[in-house]
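Here the structure comes first, spelled out in structure tokens, and everything after it is commentary.
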Amino acid sequence: MPEIEMTVNGKPMSGTVEGRTLLSDFLRDMLGLTGTHIGCDTAQCGACTVHLDGRQVKSCNVFAMDAAGAEVTTIEGMANADGSLGAIQAAFQTHHGLQCGFCTPGMVMAAAGLLKENPAPTEAEIRAHLEGNICRCTGYHNIVKAIQAAAAELGAKPIAAE
Amino acid sequence: MPKDSGIGASSKRREDVRFLTGKGRYTADINLRGQVYVAFARSTVAHGRINSIDTSAAAEMPGVLAVFTGEDFVEMGSNPAGWYITSRNGETMKEPKRPVLAHGKVRHVGDAYAAVVAETVAQAKDAVEAIEADIEELDAVLDMASAVADNSNRVHDEIDDNICFDWGWIEDNRAAVDAAFESAPHVTTLELINNRLSPNPMEPRASLADYNTGTEDYTLYTTSQNPHLHRLLISAFVMGIPEHKLTVIAPDVGGGFGSKIYHYGEEAVVLAAARKLGRPVKWVCDRSEAFVSDAHGRDHVTKIELATDKEGNFLAMRTETLANLGAYLSNFSTATPTFLHGTLMAGPYKTPLVYVNVKGVFTNTVPVDAYRGAGRPEATYQIERVIDKCARELGIDQIEIRRKNFISPDAFPYTTPVGLVYDTGNYGATLDKMIELGDTAGFESRRAESSAKGKLRGIGYSTWIEACGIAPSHLVGQLGARVGLYDAATVRVNATGNISVLTGAHSHGQGHETVFAQVVSDMLGIPEASIEIVHGDTSKIPFGMGSYGSRSLAVCGTAIVKATDKIIAKCKKIAAHQMEASESDIVFENGNFTVAGTDKSKSFGDIALSAYVPHNYPLDELEPGLEESAFYDPANFTYPAGAYACEVEVDPGTGKVDVVAFTAADDFGNVINPMIVEGQVHGGVVQGIGQALFEVVVHNDEGQNLTGSYMDYAMPRSNDVPLLVVDHSCQTPCTHNPLGVKGCGEAGAIGTPPAVVNAVIDALQAGGYDIAHIDMPLTPSKVWAAMAGAQQAAE
Ligand code: FES
Ligand code: FES
């Protein structure tokens with residue numbers, strides 16, 4: 001079985017994988033980064049969302065071997081250097097954008113992906129971007145609010161509420 | 001000024017930090033040294049006779065450690081239904097055995113009949129493929145009406161038909177109700193389906209069992225809403241493991257919505273395999289497995305009739321319902337369509353005569369059980385839909401017909417004709433709030449704007465009530481419950497004055513760790529941060545029945561209040577001793593014990609410390625230490641209620657429905673954390689929109705589930721719903737719990753579906769389509785077909 005290396009949250013990591021090992025399983029089982037969640041088996045729910053070379057991907061839909069040599073960011077890499085919550089994470093807490101927390105890592109990674117491309121999204125743009133992330137708890141209301149607040153906090157022009 | 005901590009404050013949730021940094025600890029995240037994995041062989045047919053299962057090839061596969069079939073569990077007990085239902089003829093319900101693994105017959109697609117344990121998940125799954133099962137396919141029992149009419153093909157051969165019970169509520173009222181219909185000036189009739197749903201918490205079920213061969217202790221980590229209930233079911237009913245030798249831990253749980261109340265066979269298999277192999281055994285459900293093994297919800301077919309006078313005053317209501325129970329009785333499955341549904345059929349209205357008939361029907365489908373709201377959404381949907389239709393028939397305004405039939409605010413306590421006593425309420429107040437926040441006065445101009453865009457706009461209402469805070473044991477005992485539904489708490493004050501609260505509630509998204517700390521903080525006058533809420537572990541928590549039926553705060557929270565009261569009472573005794581005063585002169589305020597009328601005072605921390613360092617302590621009358629427990633059994637249910645308004649736009653070209661505005665005005669009694677309450681309503685409303693517009697489990701004629709993944713089962717997504725207007729400022733506090741709280745977890749899922757459907761019917765009728773009803777979910781194809789049908793009929 002091949003050994004692969006990649007940079008995860010800024011640290012070099014390696015492990016042995018099968019050809020069929022998914023990136024999500026590699027992160028969870030080999031590296032112990034269990035913040036990346038598995039909510040489905042058809043690449044529909046987005047709970048497994050990570051960034052791969054700066055691009056937002058569903059890690060259940062990427063073979064670990066195909067991520068060899070890549071830079072991967074997971075939810076565990078989203079806090080500030082001092083360990084405090086990053087702007088998006090903090091906005092999710094302030095605006096109650098999570099309940100059970102299961103979809104949350106994927107939501108935060110998707111929000112980060114959106115704000116990178118579009119620092120001042122409208123409500124409609126936020127909703128469109130989250131289409132691949134299912135949340136069963138929040139009704140999305142407070143997730144939208146949290147992402148609007150994070151966008152404002154991150155220095156983009158503030159978005160009118162409601 | 002909003003408070004910034006304690007009761008009434010929108011305290012930020014402490015649990016969020018771990019969830020937002022990837023440090024949550026869900027069952028699938030837990031790994032034990034030496035663990036192995038189980039995978040299940042599941043039936044691919046809805047109904048079949050198991051002629052033989054050959055596991056020899058599977059046993060030889062790489063990494064395989066053990067293979068189990070139903071044969072291995074025949075000695076075990078049956079996973080029981082928690083409520084006995086008595087039929088109209090006085091017979092008790094039929095309760096066929098529910099085995100750990102299917103034995104003799106498979107009874108639904110997904111019914112597990114064998115399990116393989118192997119060193120890796122992949123090896124276990126590969127070996128499942130090598131099991132040779134000779135299963136002779138039988139005709140599937142699917143359609144409920146045929147299942148009732150024809151008992152030649154039966155889900156369970158050992159009982160003589162497919163009817164579990166035929167329940168009348170209240171049977172003694174039946175003749176009077178029928179007589180009222182005979183003489184009624186107007187009768188509105190509606191036949192409707194409450195669509196079968198899959199609960200779909202985002203975390204799939206998972207279990208990890210550990211067995212210590214030296215001590216014979218078992219530990220089960222599992223996705224449970226109620227670890228003590230799991231322990232009870234596994235110990236007392238299914239496996240016979242002594243309760244004190246089994247620890248059930250439900251760590252972080254990613255949503256439940258009912259589906260994680262129940263004990264499932266997979267949990268028994270991991271425990272049995274761990275004992276046999278002496279190694280930890282883990283199972284994590286795939287989503288596609290979840291669709292065919294998690295209990296489904298709803299699935300009622302109902303005929304409802306409403307008798308009124310010409311002015312729309314309700315005279316009587318009667319219903320006939322077929323409730324799908326699926327292939328086996330799940331733990332709450334017999335209570336959901338009966339006592340959680342029939343007792344709610346008065347709604348917030350003063351209808352004097354109500355009669356409900358429900359037949360519980362076995363079919364070759366996944367077991368059906370309580371899903372968010374459980375019985376109360378089914379009741380509310382019927383009532384609010386038939387009222388909507390009645391108002392249209394009589395030409396009465398939708399708001400006025402509801403208002404004129406409301407139980408008036410001075411009529412409480414109010415005894416309904418279906419066996420409940422509502423303690424408080426003010427249904428007109430929430431209705432007025434809805435009218436104000438939803439700007440119903442401006443609706444016609446919004447309709448004109450939509451129409452200018454080529455869209456049909458409609459508005460629909462729902463004024464609903466529910467019974468929460470499950471449940472008063474003396475009541476549910478009379479109704480057939482096999483358990484008590486009280487709850488328990490321990491408040492442990494540590495020597496240094498900080499506090500551990502052990503609660504029988506389980507949080508799987510509700511934020512108990514934050515909310516319960518707010519309550520105790522207020523009572524003891526100490527910071528929330530000094531209070532830890534411990535839940536989800538039977539080895540730590542004395543007892544508890546868990547979280548469902550919006551009971552956590554009303555029942556478990558009250559147990560915490562009672563235990564905290566005992567702490568305060570004990571502290572007062574200690575303070576009186578130390579300050580040489582009479583106990584009755586000690587006043588406790590803002591965290592200080594003061595001798596009334598003096599400046600003598602001791603802080604809570606001082607008293608706590610002296611309980612553990614009892615140098616100046618009334619040892620002759622008090623034990624040292626500061627820890628108190630309380631069990632609390634509620635005197636009554638709680639009765640949250642609300643008024644919802646939904647506005648939709650229908651695209652006449654495609655039939656697509658968009659919810660464009662939604663207003664929820666709720667009365668939850670007192671509110672501890674407004675932010676969390678609003679979040680609960682948001683989530684419930686969107687699940688309700690999901691039921692109304694998108695979600696349904698579909699079976700084909702062979703009983704195959706055609707909606708077995710997120711490609712086919714339409715979950716509401718972010719761009720399917722609007723921002724929501726929610727309000728909880730109308731508050732009639734519950735009269736029989738000390739916090740005055742009613743519960744908010746299920747409201748949205750209960751009140752929403754009829755509001756959405758009523759809005760669509762309104763849009764279609766205003767658009768000139770003579771359509772009285774469309775069954776949920778109102779998908780574009782169904783709405784389009786109804787419009788085409790109506791158009792054709794008109795031509
Ligand atoms: S687990 Fe990757 S999309 Fe669901
Ligand atoms: S917070 Fe539970 S699924 Fe989103």
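The values are calculated or read from the model by the stated rules, or taken from the named source; none is laboratory data. The shown structure was predicted, so the numbers you read here are calculated from the model rather than taken from an experiment. With ideal geometry, Cβ positions are generated from the backbone for all residues, glycine too; neighbour counts draw on all protein chains shown.
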Do we find a residue being within 16 Å of ligand 2 (Cβ to nearest atom) and either hydroxyl-bearing (Ser, Thr, Tyr) or in the same structural domain as A:PRO105 (by TED's automatic domain parsing) (or both) anywhere in the range A:5-28?
no
Residues that are more than 19 Å from B:GLY254 (Cβ to Cβ) and within 21 Å of the chain's Cα centre (by Cα), drawn from the range B:208-228:
B:HIS228
So, B:GLU243, is that one among the charged types (D, E, K, R) and buried (at least 24 other Cβ atoms within 10 Å of the Cβ) or not?
no
Just to be sure, is B:GLY690 within 14 Å of chain A (Cβ to nearest Cβ) and either outside any helix (DSSP H, G or I) or touching a helix residue (DSSP H, G or I) at 6+ places or on another chain (Cβ under 7 Å) (or both)?
no
Restricting the search to the range A:51-67, which residues are more than 10 Å from ligand 1 (Cβ to nearest atom) and at negative phi?
A:HIS51, A:LEU52, A:ARG55, A:GLN56, A:PHE63, A:ALA64, A:MET65, A:ASP66, A:ALA67
What do you reckon, is B:GLY442 assigned to a loop (DSSP other than H, G, I, E, B), modelled with pLDDT of 95 or more and out of contact with any helix residue (DSSP H, G or I) (no Cβ under 9 Å at 6 or more places or on another chain)?
no
Restricting attention to the range B:433-459, the residues that are surrounded by 14 or more Cβ atoms within 10 Å (Cβ to Cβ) and in contact with a Lys or Arg (Cβ under 9 Å, 6 or more places away or on another chain) number exactly 10
Right, A:THR16: more than 15 Å from ligand 1 (Cβ to nearest atom) and farther than 24 Å from B:ALA122 by Cα or not?
no
Consider B:THR55 against the criteria (1) more than 29 Å from the chain's Cα centre (by Cα); (2) surrounded by fewer than 15 Cβ atoms within 10 Å (Cβ to Cβ): it satisfies all of them except one. Which criterion is unmet?
(2)
Answer yes or no as to whether A:THR74 is within 12 Å of chain B (Cβ to nearest Cβ), within 14 Å of ligand 2 (Cβ to nearest atom) and touching a Leu at 6+ places or on another chain (Cβ under 6 Å).
no
Check on A:VAL57, of a type in the set (A, V, I, L, M, F, W, C) and within 13 Å of another protein chain (Cβ to nearest Cβ)
no
Going through B:PRO409, B:PRO417, B:PRO472, B:PRO413 one at a time, which residue ends up being of a type outside the set (Gly, Ala, Ser), under 30 Å from B:LYS570 (Cα atoms) and not assigned by TED's automatic domain parsing to the domain that holds B:LEU524?
B:PRO472
Return yes or no: is A:VAL50 crowded, with 23+ Cβ neighbours inside 10 Å, in a strand (DSSP E or B) and more than 16 Å from ligand 2 (Cβ to nearest atom)?
yes
Quick check on my filter: what residues within the range B:195-220 are more than 16 Å from ligand 1 (Cβ to nearest atom) and either in contact with a strand residue (DSSP E or B) (Cβ under 6 Å, 6 or more places away or on another chain) or within 14 Å of chain A (Cβ to nearest Cβ) (or both)?
B:ARG196, B:LEU197, B:PRO199, B:SER207, B:LEU208, B:ALA209, B:ASP210, B:TYR211, B:TYR218, B:THR219, B:LEU220
Let me spell it out: the conditions are (1) away from ligand 1 (no atom under 13 Å from the Cβ); (2) of a type in the set (S, T, N, Q); (3) farther than 19 Å from A:ILE126 by Cβ, and A:GLN89 meets all of them except one. Which number is the exception?
(3)
Suppose the filter is small (Gly, Ala, Ser), more than 7 Å from every other protein chain (Cβ to nearest Cβ) and either away from ligand 1 (no atom under 16 Å from the Cβ) or over 21 Å from A:ALA47 (Cβ atoms) (or both); does A:ALA151 pass it?
yes
Of the criteria (1) part of a helix (DSSP H, G or I); (2) farther than 20 Å from B:VAL757 by Cβ, which one B:LEU431 fails:
(2)
Going by what's in this entry, would A:ASP66 be described as more than 30 Å from B:GLN510 (Cβ to Cβ), without any contact (Cβ under 8 Å) to a residue 40 or more places away in the chain and either within 16 Å of ligand 2 (Cβ to nearest atom) or surrounded by fewer than 18 Cβ atoms within 10 Å (Cβ to Cβ) (or both)?
no
For the range A:130-137, check the following and say yes or no: at least one residue is aliphatic (A, V, I, L, M) and either more than 7 Å from chain B (Cβ to nearest Cβ) or over 13 Å from the mean Cα position of the chain (by Cα) (or both).
no
B:GLU649 being among the charged types (D, E, K, R) and within 14 Å of chain A (Cβ to nearest Cβ):
no
Within the range A:122-145, restricting to residues that are under 21 Å from B:GLY745 (Cβ atoms) and outside any loop (DSSP other than H, G, I, E, B), the one that is nearest to ligand 2 (Cβ to nearest atom) is A:ILE143
Inspect all residues belonging to the range B:759-773 and state whether any of them is part of a helix (DSSP H, G or I), aromatic (Phe, Trp, Tyr) and surrounded by fewer than 24 Cβ atoms within 10 Å (Cβ to Cβ).
no
When restricted to B:LEU138, B:LEU208, the only residue in contact (Cβ under 8 Å) with a residue 12 or more places away in the chain and in contact with a His (Cβ under 8 Å, 6 or more places away or on another chain) is B:LEU138
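A quick yes/no check of all residues on (1) in contact (Cβ under 8 Å) with a residue 40 or more places away in the chain; (2) in contact with an Asp or Glu (Cβ under 6 Å, 6 or more places away or on another chain); (3) more than 12 Å from chain A (Cβ to nearest Cβ):
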| site | (1), (2), (3) |
| --- | --- |
| B:VAL685 | yes, no, no |
| B:ASN705 | yes, no, yes |
| B:MET711 | no, no, no |
| B:CYS734 | yes, no, yes |
Looking at this structure, is A:ARG20 within 8 Å of another protein chain (Cβ to nearest Cβ) and surrounded by fewer than 16 Cβ atoms within 10 Å (Cβ to Cβ)?
yes
Which of the numbered conditions does B:PRO722 fail, given that it passes all the others? Conditions: (1) within 13 Å of chain A (Cβ to nearest Cβ); (2) under 21 Å from B:GLY256 (Cα atoms).
(2)
Going through the range B:113-146 one residue at a time, which ones are touching a strand residue (DSSP E or B) at 6+ places or on another chain (Cβ under 6 Å), surrounded by 24 or more Cβ atoms within 10 Å (Cβ to Cβ) and of a type in the set (Gly, Ala, Ser)?
B:ALA114, B:ALA115, B:ALA118, B:ALA124, B:ALA127
Please specify each residue of the range A:65-101 satisfying the condition of being within 24 Å of A:GLU18 (Cα to Cα) and not in a helix (DSSP H, G or I).
A:ALA68, A:GLY69, A:ALA70, A:GLU71, A:VAL72, A:THR73, A:THR74
Within the range A:24-39, considering residues that are touching a residue at least 12 places away in the same chain (Cβ under 8 Å) and more than 11 Å from ligand 1 (Cβ to nearest atom), the one farthest from A:ALA70 (Cα to Cα)
A:GLY35
